[in-house]
Amino acid sequence: MKFGTYTFLPEKAEGFDFHLYRVKPEVGRRMPPQPDMYSNIAIFGDNVTARNHPDWISQSPLGPAWRTNNNYNVRWDVLCATQPEHRAEQLDYIEDVARKSQGVWLNSIHFAEHGHCICPRCKELHAKSGLSWYEWRRKEITDYMTLVSERVRDRAKKKFVIGVLPDPVTSYERFGINFDDLAPLTDEFLVVMFSKNYATPWYFETLTRNFKKIFKDVPLNISLYVFGPGDNPKEVPTSNELMTVSARMARAGVDNILYLAEKASQITDFQKAAVANVGLQETLRNYGGRPVQEYLDFVKGWEKVVK
Ligand SMILES: [Zn+2]
């Protein structure tokens with residue numbers, strides 16, 4: 001086992017085996033690669049390019065992949081994964097960075113999220129392919145990664161690592177990623193586990209999607225601990241966390257949600273807090289289509305029972 005650092009500045013903390021430097025993070029800023037560090041490049045998450053070419057943004061039935069679109073998990077602006085000029089420019093850029101550093105570790109190699117991309121070019125490419133929607137997206141990502149891999153491994157003769165999001169089961173439906181396709185193209189995989197400030201909702205939503213796929217037509221119930229027996233009151237989830245996670249599980253297709261506590265009064269306390277939190281209810285209205293609205297309408301219904 002080896003241990004590395006992963007930094008936004010070209011600085012190497014002592015006591016590690018290797019160093020990965022964010023040469024081009026999703027904000028789109030580009031920094032000079034370092035000869036004695038690996039380089040991390042985000043391809044389609046790219047705020048700078050999105051600002052310069054707003055028509056390249058990825059499109060979906062729930063709106064474009066601007067980082068302000070709360071229907072999705074995007075924390076940056078995400079470009080259409082088939083945009084030919086961006087693809088070509090990034091190929092050259094990645095090869096150049098590979099030559100000037102220890103190798104390239106990629107992020108944001110995929111479609112923005114489920115439902116992306118439905119721009120006119122993608123619609124046309126899909127129609128021409130004769131493939132299903134999911135298989136067409138898979139082919140787009142695999143074919144492009146084949147080109148990138150060739151640039152880094154065969155031409156620049158450097159190490160190549162593909163980064164993926166922490167979703168082992170539904171990355172195909174969400175992002176167009178098939179791990180078996182990518183395995184022969186990469187030297188190693190990197191799974192980016194997110195920072196605490198949005199890790200929890202991400203994992204709840206992803207596990208919901210994963211179980212929905214595995215259980216197929218059998219309805220999925222999920223229970224959330226509101227207050228377990230003997231729980232430290234400081235460690236139980238806040239009403240904000242419970243509501244946010246519930247909304248995100250709703251948009252991921254959960255059929256029923258149970259709130260678990262030792263006593264009914266602990267659940268009533270949660271209901272009171274949820275009803276009082278009008279600001280969060282408004283925010284969550286932007287978090288998805290009909291299932292999220294259904295959840296929020298249900299919470300609103302508690303006004304009558306807890307007053
Ligand atoms: Zn597109």
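Being within 14 Å of the ligand (Cβ to nearest atom), more than 20 Å from residue 188 (Cα to Cα) and among the acidic types (Asp, Glu): is that true of residue 140 here?
yes
Against the conditions (1) open to solvent by 50 Å² or more (accessible area, probe 1.4 Å); (2) within 16 Å of the ligand (Cβ to nearest atom); (3) within 19 Å of the chain's Cα centre (by Cα), where does residue 55 fall short? Just the number, please.
So residue 55 meets the others, but not (3).
Need the failing condition index for residue 163 against (1) part of a helix (DSSP H, G or I); (2) buried (at least 17 other Cβ atoms within 10 Å of the Cβ), just the number.
(1)
Count, please, the residues in segment 96-133 that happen to be over 25 Å from residue 150 (Cβ atoms) and away from the ligand (no atom under 15 Å from the Cβ).
Adding up the residues that qualify gives 2.
Output the helices (runs of 4 or more DSSP H) that fall wholly within segment 226-299 and possess 3 or more residues being open to solvent by 50 Å² or more (accessible area, probe 1.4 Å), or say none.
Once the helices (runs of 4 or more DSSP H) in segment 226-299 are filtered for at least 3 residues that are open to solvent by 50 Å² or more (accessible area, probe 1.4 Å), what remains is 264-276, 278-284.
Which of the residues spanning segment 85-106 are open to solvent by 10 Å² or more (accessible area, probe 1.4 Å) and either in a strand (DSSP E or B) or of a type in the set (Lys, Arg) (or both)?
87, 99, 100, 105
State whether the residues of segment 70-77 include one that is within 10 Å of the ligand (Cβ to nearest atom) and of a type in the set (Phe, Trp, Tyr).
No, segment 70-77 contains no residue that is within 10 Å of the ligand (Cβ to nearest atom) and of a type in the set (Phe, Trp, Tyr).
Any residue at all in segment 248-256 that's at pLDDT 95 or above, more than 22 Å from the chain's Cα centre (by Cα) and closer than 14 Å to residue 211 by Cα?
yes
If the Cβ limit is 9 Å and pairs must be 6+ apart or interchain, which residue in segment 200-211 that is under 14 Å from residue 244 (Cα atoms) pairs with which residue that is open to solvent by 30 Å² or more (accessible area, probe 1.4 Å) and of a type in the set (Phe, Trp, Tyr)?
202/194; 203/194
Please tell me if residue 38 is surrounded by 19 or more Cβ atoms within 10 Å (Cβ to Cβ), of a type in the set (Phe, Trp, Tyr) and modelled with pLDDT under 95.
Considered against the rule, which asks whether it is surrounded by 19 or more Cβ atoms within 10 Å (Cβ to Cβ), of a type in the set (Phe, Trp, Tyr) and modelled with pLDDT under 95, residue 38 comes out as no.
Going residue by residue through segment 192-209, is there one that turns out to be modelled with pLDDT of 95 or more, over 30 Å from residue 92 (Cα atoms) and open to solvent by less than 50 Å² (accessible area, probe 1.4 Å)?
For segment 192-209, residues modelled with pLDDT of 95 or more, over 30 Å from residue 92 (Cα atoms) and open to solvent by less than 50 Å² (accessible area, probe 1.4 Å): present.
Give me the pairs: first residue in segment 110-138 and over 20 Å from residue 62 (Cα atoms) and in contact (Cβ under 8 Å) with a residue 40 or more places away in the chain, second residue in a helix (DSSP H, G or I) and not polar (S, T, N, Q), beta-carbon distance under 8 Å, and six or more apart or on different chains, which are they?
From segment 110-138, the pairs are 125/136; 125/140; 138/172; 138/181.
The values are calculated or read from the model by the stated rules, or taken from the named source; none is laboratory data. Only a predicted model underlies this, so the values are computations on that prediction, with no experimental measurement involved. Every residue, glycine as well, gets a Cβ built from its backbone with ideal geometry; the counts of neighbours run over all protein chains shown. With ligands, DNA and RNA removed, areas are computed over all heavy atoms of the protein, side chains included. Shrake-Rupley method; radii C 1.70, N 1.55, O 1.52, S 1.80 Å.
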